[in-house]
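See structure below.
The values are calculated or read from the model by the stated rules, or taken from the named source; none is laboratory data. For clarity, every value in this text was computed on a predicted model and none was experimentally measured. Quick note on the areas: whole protein, heavy atoms, side chains included, nothing else; ligands and nucleic acids left out. Shrake-Rupley method; radii C 1.70, N 1.55, O 1.52, S 1.80 Å.
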Amino acid sequence: MKSVRKVRCLKGELRVPSDKSISHRAVILPALAEGESYVQEWLLSKDTLATLNIIRALGVKVRHKNGTLRIKGSNFELLEPQRVLDAKNSGTTARLMLGVLATQRFFAVLTGDQSLRRRPMLRVVEPLRRMGAHLDGREGGDKLPIAIRGGALKGTSLFNRKASAQVKSCVLLAGLRAEGITEVYEPYLSRDHTERLLSAMGVKLISYDGKFGRVVKLEGGQTLKATEILCPADPSSAAFFTAGAVLLEGSEVLLKDVLVNPTRDGFFRKLREMGAHVQYENLREISGEPVADVYVKYSGGLKAVDVHPEEVPSLIDEIPILAIVMAHAQGISTVRGAGELRVKESDRIKAIVENLRRMGAKVEEYEDGFSIEGGTPLRGALIKTYGDHRIAMSFTIAGLTAEGETQIDNPECVAVSYPNFFQDLERLTC
């Protein structure tokens, strides 16, 4: 349990931890490459360690020192694991590693913690089966643990209906060792870190807007070349301090080296739409990704905003903290087309609605989102995190703006993505 009380403002400069999505891929892709890759500013968290430990269990040599990884690539020649592989709480680890394991002729079993074992896996299991891999698990392969024996794969064509970057990445990774062309169609572009890193490592792929949405294609049999990767700061982690600075009068914060990939910066764009002062400085490219320093200051008079289904992929992880900002804006804000939040580390729609109501906000719940009538001052309450790091951090920021005391029931869960969140927040508090 952690107690949070209202503060005056947030001030200062901070580099939040490196991006979790990129840090996962910065281990997985170099492990499959030819030669030795170097990864700097790698995020050390429970989720990324799950990926690193699985890669090591598959025989890949990795040296980790002072935030830098040296990864000796296997050129897809992994070793059969001697134990069950554990993705812990990480859906990215589970789904991307199933794509990798599908390329291998050996037998492996992948599991996760209690939360991850409830999350749906057929979205990757079914296309991998069509490609020729053998997978089985609970509920017909929809739930971990999943047993897999890969091997001779054939390219496939997949319509990625939910525009899931994890599904797309899983299928593309399997497609690297499949015969023929593998192509993924999605209604709108999901986060594209896998495509960017594949290109940086010498893989030829094409991506374009087609009749049915965005298309990504690659031909199997290509070799990944070792590279150097610098992981930028995570926009999802930066979002919490951005929201705090926007909401607390007198605040002024500079967040350094933040990833501003257009598939990931929807939160910052949505805040600007609400009237917030959020600007990019020193915009540049690092390891194939756009990066900037994000300058934020207090922004009074925020107005309500709507999040439409096609906008959800670019801010899916930030919807909990965006809901906190919406609760302070004048008018009725809505989020629709975000049903995927029901199957994250928690049912995030339920967690957002329940906890905001406890704090006195006027909220209506939908199957695929919610609406919030902003402007009612929040009051301190007991927050149920459901073991979800993003719920814990979002409602910590809410507690900084609320009257009275807010209690976070499981603050330790922030270690999944941001182990030092509370220490960094204290550094910025005035």
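Points worth noting:
- Between segment 340-360 and segment 1-52, the alpha-carbon center distance in angstrom: 24 Å
- Shape analysis of segment 180-227 places it in the oblate category; the axes a ≥ b ≥ c from the Cα gyration tensor give an a/c of at least 1.5, with a/b not above b/c.
- Nonlocal amide H pairs with ASP86, under 5 Å, H built at 1.01 Å: THR111
- Taking amide hydrogens as placed 1.01 Å from N in the peptide plane, the amide H of ASP306 sits under 5 Å from those of THR334, each at least 5 positions away in sequence or on another chain.
- Pairs of lysines in segment 128-251 (C-alpha under 14 Å apart; 8 or more residues apart or interchain): 4
- Accessible solvent surface per residue of segment 1-127, calculated while the other protein chains remain in place, 1.4 angstrom probe, Å²: 41 Å²
- Principal-axis analysis of the Cα atoms of the chain puts helix 20-31 at an angle of about 10° to the longest axis.
- Sorting PHE106, PHE241 on solvent-accessible area from highest to lowest, probe radius 1.4 Å, gives PHE106, PHE241.
- The chain, accessible surface, carbon-and-sulfur percent (1.4 angstrom probe): 47 percent
- By a 1.4 Å probe calculation restricted to protein chains, GLU373 has an accessible surface near 90 Å², given to the nearest 10.
- Looking at segment 205-263, the accessible area is 35 square angstrom per residue; that uses a 1.4 Å probe and ignores ligands, DNA and RNA.
- For segment 1-137: Kirkwood Rh in Å [reciprocal of mean 1/r, alpha carbons]: 16.5 Å
- Derived scalar couplings between HN and Hα for segment 163-175 equal 6, 8, 5, 5, 5, 4, 5, 4, 5, 5, 5, 5, x Hz in order, rounded to whole Hz, by the Karplus curve 6.51 cos²θ - 1.76 cosθ + 1.60 (θ = phi - 60°), x for Gly and Pro.
- Sequence-distant lysines (8 or more away, or on other chains) whose Cα lies within less than 20 Å of LYS11: LYS256, LYS297
- Placing LYS211, LYS297, LYS20, LYS225 in order of accessible area, with the largest value first and a 1.4 Å probe, yields LYS211, LYS225, LYS297, LYS20.
- Rounded to the nearest whole Hz, the Karplus-based 3J(HN,Hα) values (6.51 cos²θ - 1.76 cosθ + 1.60, θ = phi - 60°) of segment 181-186 follow the sequence 8, 10, 9, 10, 9, 9, with x at glycine and proline.
- A straight line joining the Cα centroids of segment 157-183 and segment 140-155 runs 14 Å.
- Around the amide H of GLY59, modelled in the peptide plane, lie the amide H atoms of LEU79, all under 5 Å away and 5 or more residues distant in sequence or on another chain.
- For segment 230-366, the square roots of the Cα gyration tensor eigenvalues, ordered a ≥ b ≥ c, give a/c of at least 1.5 with a/b no greater than b/c, which places it in the oblate category.
- The alpha carbon radius of gyration of segment 289-328, expressed as a multiple of 2.2 N^0.38 Å, is 1.38.
- Where both bridge residues fall in the chain, DSSP classifies roughly 75% of the beta bridges as antiparallel.
- Applied to segment 321-327, the Karplus parametrisation 6.51 cos²θ - 1.76 cosθ + 1.60 on θ = phi - 60° returns per-residue 3J(HN,Hα) values of 6, 4, 4, 5, 5, 4, 5 Hz, with x for Gly and Pro.
- By a 1.4 Å probe calculation restricted to protein chains, SER3 has an accessible surface near 60 Å², given to the nearest 10.
- Prolate/oblate/rounded call for segment 81-184, Cα gyration tensor, a/c under 1.5 rounded: oblate
- Percent of beta bridges antiparallel (DSSP, segment 309-430, rounded to nearest 5): 75 percent
- Mean-position separation - Cα centroids, segment 262-301 and segment 303-337, in angstrom: 16 Å
- Expressed per residue, the C-alpha convex hull volume of the chain stands at 122 Å³.
- Ligands, DNA and RNA excluded, the heavy atoms of SER21 present near 10 Å² of accessible surface to a 1.4 Å solvent probe.
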